[in-house]
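Got a structure here, written out as structure tokens. Questions coming.
Where a number appears in this text, it was derived from the coordinates with a stated rule and is not lab data. Every value quoted in this text rests on a predicted model; they were computed, and no experiment measured them. FYI the Cβ positions are ideal-geometry reconstructions off the backbone, even for glycines, and counts take in every protein chain you see.
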Amino acid sequence: MNCPNCGKEMQEGFLQAGNLLAFNKKRHKLSLNPKDPEDTMIARKAFTATDFSGFICKECGLVIFDYKNPIVHW
């Protein structure tokens, strides 16, 4: 897959996250919990990590992954 940002080849792999992963409209200092209706809690696990298939561009740093389809089994 080519990067939509810079056009270079992207590396396929896995985005691996710990307990919480959120995409928030504004940075939160104390909590990742959504505060704005446009905030998105991507992963919330108490004792396990969350993995997503995705692509990374080592040239410009863009990461693309499908947050609605985490990998649940090894």
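What about Asp66, is it among the charged types (D, E, K, R) and either on the phi > 0 side of the Ramachandran plot or under 12 Å from the mean Cα position of the chain (by Cα) (or both)?
yes
Further, regarding this structure: Which strands (runs of 3 or more DSSP E) does segment 1-62 wholly contain that include 3 or more residues that are buried (at least 16 other Cβ atoms within 10 Å of the Cβ) and in contact (Cβ under 8 Å) with a residue 40 or more places away in the chain?
50-56
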